[in-house]
Structures are given as C-alpha cells and as structure tokens.
Ligand code: EZ4
Ligand code: CO
C-alpha cells in the first residue's frame, strides 16, 4: 500500500480545527488531528509546506519509520508545532492501518483492557453557589467525575469560568482578551469551594480541579494540603512545569494527587516528573504529543512508575483526537481517566463519529480504524476565523501565566 495524496483541512464550526487527510492507492484514507489552539495555521503550513511532500509514496503501515523520519530528519526537534504535525500524520496512519486490517485501532495497541473509560466533565460558576448548581446539573447527566472551577469575590474573571453565559470555551475570536489574577484571593477561597461541594454532594463523587499553572510550587503545596480533607481525584497543573524539579516541593507537602502535562509534547517534558514519581497522572495527549507511536512509549514508561494517563480532552482537541484517545485508553493498562468536554452540535456534524457517552463512561465503538470521519462539504461552510487563548495579568498589571 502507498500514500498517494495528503492535504490539510481547516474548518471552524464554532472553533478552529486542523485535520490532515492521507489517501492511499487502495482507496483507504486516514484522518489525523493537528489542532494547536491559537496557532492553527503554523501547524497547517508545517504539514503542507514541509511534511506532506516527504510522505507521498511511502508505505502507510511503516508508522515507526515515518515517525522517526519526521522527528529526526528535520534536525529541529520537539516543540508544539512540530509534534502536532507529526501527531496528525501518525494518527492518520493508524486510522489507515485499522481500516486496511478491518479492525478498530485499539486492537492494534493491545486490545481491550477495559469495556469503557471513566470520563470527567467541567462544572463551573461565577461564584460558589453557581458552581454547585452546575455540579448538580452534570451529575444528573450521569458524570461520576467532575472538575469544579469557580469565580471568587474580588476577581472579575478567572480560568475555567465563562465570561458570558453559555458553555465555557477558552479560545475567543479576535485578539487575545485579558483576564485578571490574584493568587492570594484564589488560595483564600478554593478550600471553601471544595468544602461546600463535599457537604452538598457527599464522598462518592470524584472531584478534580485545574490550577492552570498559576501557583509557585510552595503555594501549590499549601493548596494541596488544605484540600486533603476533600479527597480530590487530582489537582491539575499546579505550577508551570518547565522546571520539572519544582514538583518535588509540591510532593513533599501534600498527598493530593497531581496531574500535569496538557502543554507537554514529548517524553522529555515529563522524564524527571515520571521517574521521580513526582506526579500521578500525565495529561500529554495524542495530538500534542506526537501521536500513538510516541504516546504508547511514554505510557509504557509511566506504567513502571505508577503514573497513569489522564488525557487532555478539551474542545480544542478535535473529534479525531477524541476518537484516537478512546482507542488508546481502551488498550493501555495504566489508563486513569479521560477528560470530556463535549463539542458543539456543529462540530459533531462536521466530524461524524462512532464514540459515545453513557452513565459517565465513554467507548470508542467498534468501527475499523478510528471510527471518525470528516464531512468536507459541511466543513467548507465554516471558514477559519482567527482566535486566541486569553492572557492573564496580576491585579498590579504584571503579565502572568494564563
Ligand atoms: O485551557 O484546552 O484542562 N483543560 C484545560 C483547557 C485548556 C485549553 C487550552 O487550549 O486546561 O481548557
Ligand atoms: Co487543564
């Protein structure tokens, strides 16, 4: 079998998605996601201008050799744009393999290790009362694990809470909007949020919280310690992780489990975190972490150190990544949990798919390959629209991590 053609599709059914389609001489095609929130066109150009010409004529079954070629050949390694482009190719090739062998991709990765995946959703509110209402709403929808974010008095806006009514979507059209931040206000109120959630919903509900890289390690240690009575499933991205050894400080102060890594793009972002057992869950996912070929090695390495997966699954990861993640989650032993932030109806219509949600559990379906498609005629009705993630400033105006 040979790759005969490949092209990038960019569509914006509510938000932007970059999809790679790879075609073969046997009429089978595969889809890969290359969406990088707020930097979509860079990945599209990387693919169209630099990668696609190199893969035409190759055997799509050679996923390992093609991965190594795309990673090593350019000399310039790693980075989110490069690794998202490599992921797009890799995901599409595994889709082709599955279709050619007439089997779902999870069967190529180890087969079923479980019947379905525990997923967590997002609940949020402009204050604690509204956050509690949203938790109740999501519990009624069947979710057994819920991430809870809330606005607090004195902060006009915060991560994870919609500025406007309606569903939370971090990217906004137009130039980057500005949020404001105070760690002092945040730390004062988060324990109260989780005390109220436990008081209202009891012990059984699994609770998560995303700190979105806003604390120093010692501040995160304090928060983790104060949240211990509420038994969180995890505290996510407590501190920026470029300095991996910062997590040692957090670990020394709290037993609250730590998840990190939605901005990671290779094992080298997590190597120290994993081998020192400073984290419990790794969030680096297929689209930003080089696809199945790289993530399988990372997950197997993490398994040795009791680290489980908790893949990023926000709306900026397209349904192609959602499908791919569910196949991956089905097969690996050290699956932990999967994030689920449902796409809009427009997005779901552009990407018809076989995966499904029921009673807090998701399954990938049994279609050959990934079980996800792209309706190109419908996609063409939603042209690309420039959009960015917000930026964040402390109350005195200092730029800080969003
Ligand atoms: O801000 O996906 O856990 N989920 C998150 C997301 C991220 C966006 C960034 O593109 O932190 O909402
Ligand atoms: Co996050």
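Read-outs throughout are calculated quantities, based only on the coordinates presented, and are distinct from any laboratory measurement. Only a predicted model underlies this, so the values are computations on that prediction, with no experimental measurement involved. Neighbour counts are summed over all protein chains in view; Cβ atoms, including those assigned to glycine, are modelled from backbone coordinates with ideal geometry.
Largest GNM mean-square fluctuation among 72, 214, 275, using the chain with Cα springs under 10 Å: 72.
Take each peptide in 176-182, 80-86, count the other Cβ atoms within 10 Å of every residue, and average; sorted highest first, the result is 80-86, 176-182. Shown here are the Rg and Dmax of the Cα trace of region 280-339, at 10.3, 31 Å.
The reciprocal of the average 1/r between distinct C-alpha atoms defines the Kirkwood hydrodynamic radius, which for region 222-264 equals 10.7 Å. Of all DSSP beta bridges confined to region 108-367, the antiparallel ones make up roughly 20%. Each peptide among 279-287, 202-210 gets the average number of other Cβ atoms lying within 10 Å of its residues, and from highest to lowest they stand as 279-287, 202-210. Over region 161-254, the pair-distance histogram of Cα-Cα distances with 10 Å bins from zero comes to 14, 40, 34, 12, 0 percent, rounded to whole numbers. With the gyration tensor restricted to C-alpha atoms of region 75-146, the semi-axes of the equivalent ellipsoid amount to 36, 22, 9 Å, longest first. Rounded to 0.05, the FRET efficiency of the residue 112 and residue 271 pair, given R0 = 30 Å and the Cβ-Cβ distance, is 0.50.
Per DSSP H run of n ≥ 4, the term is -39500 (n - 2.57); total these for the chain, divide by its residue number, and report the mean residue ellipticity at 222 nm rounded to 500 deg cm²/dmol. My calculation for the chain gives -10000 deg cm²/dmol from helical runs alone. Enclosing the Cα atoms of region 108-367 in their convex hull gives a volume equal to 130 cubic angstrom per residue. For region 95-235, the C-alpha radius of gyration divided by 2.2 N^0.38 Å, with N the number of residues, is 1.28.
For region 3-104, the Cα gyration tensor yields ellipsoid semi-axes of 21, 17, 11 Å (square root of five times each eigenvalue, largest first, whole Å). Among 296, 394, a tally of other beta-carbon atoms within 10 Å of each Cβ gives an order, fewest to most, of 394, 296. Restricting the calculation to Cα atoms, every distinct pair contributes to the Kirkwood radius of region 277-402, found to be 16.5 Å.
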